[in-house]
């Protein structure tokens, strides 16, 4: 801050900061914008209990920053991309969801959903729960047509919040040499009439791997659409394109709340 010593008030008053308040009563319970001496609004607003930051003209990747003594960001609020970045690596505050199937016996060319919730694995799961043999999994599901509706509960991941996918990683192996296709779909869940049915299925991530019985392959999916809205049901799928070799597959979904 420049020194005011020996200067006239007219030469420095524009550099002073003050609350946008007509009375001379100081900080109170009302949150007010901080202005400079020329009346220009800053991004900061204050009250006796609130500190608020809101860009006046343009969003930026660093609308609010907290740095360490070396000058590196430890916390950054990115209003351009609606992210809060944390830590030395400056990544969003992330969450993880895991899905998987263990020693699973598929029919070649069919899409099978991965178990998404902690529960008992039922022996008839495979025969009752394929989602078609098209290029992608089915975009709708009628639970009244399933032999066992409980299978759907095992594979539904219901979203309570809007999320953005950061990455989806797979790990996979097979009893033989097999090409495995992976999909991550989001569906609209019927909660008002045909309870539990799914519609409007859309692929959000996909991948493929050549699995063998002597390796555990890993990699990341291609993200088709990163954002998934609250209220959607997310389902992961594996397809053994080659044959009926047993497969073991896991998905690790890294995401953050929007």
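The values are calculated or read from the model by the stated rules, or taken from the named source; none is laboratory data. A quick note: this is a predicted structure, and the numbers were derived from the prediction, not measured. All Cβ positions, even for glycine, are placed from backbone atoms using ideal geometry, and neighbour counts span all protein chains on display.
Taking the range 27-53 as the range and being in contact with a strand residue (DSSP E or B) (Cβ under 8 Å, 6 or more places away or on another chain), in a loop (DSSP other than H, G, I, E, B) and free of Cβ contacts under 8 Å to residues at least 24 places away in the same chain as the test, the residues that pass are 27, 31, 47. Here is a list of conditions, (1) out of contact with any helix residue (DSSP H, G or I) (no Cβ under 8 Å at 6 or more places or on another chain); (2) surrounded by 16 or more Cβ atoms within 10 Å (Cβ to Cβ), and residue 75 meets all of them except one; can you say which number that is? Of the numbered conditions (1) out of contact with any helix residue (DSSP H, G or I) (no Cβ under 8 Å at 6 or more places or on another chain); (2) surrounded by 16 or more Cβ atoms within 10 Å (Cβ to Cβ), the odd one out for residue 75 is (2). Tallying residues that are surrounded by fewer than 14 Cβ atoms within 10 Å (Cβ to Cβ) and over 24 Å from residue 179 (Cα atoms) within the range 191-218 yields 7. Name every residue in the range 238-258 that is more than 18 Å from residue 169 (Cα to Cα) and modelled with pLDDT under 95, in order of residue number. If the condition is that a residue be more than 18 Å from residue 169 (Cα to Cα) and modelled with pLDDT under 95, then 242, 243, 244, 245, 246, 257, 258 are the ones that fit.
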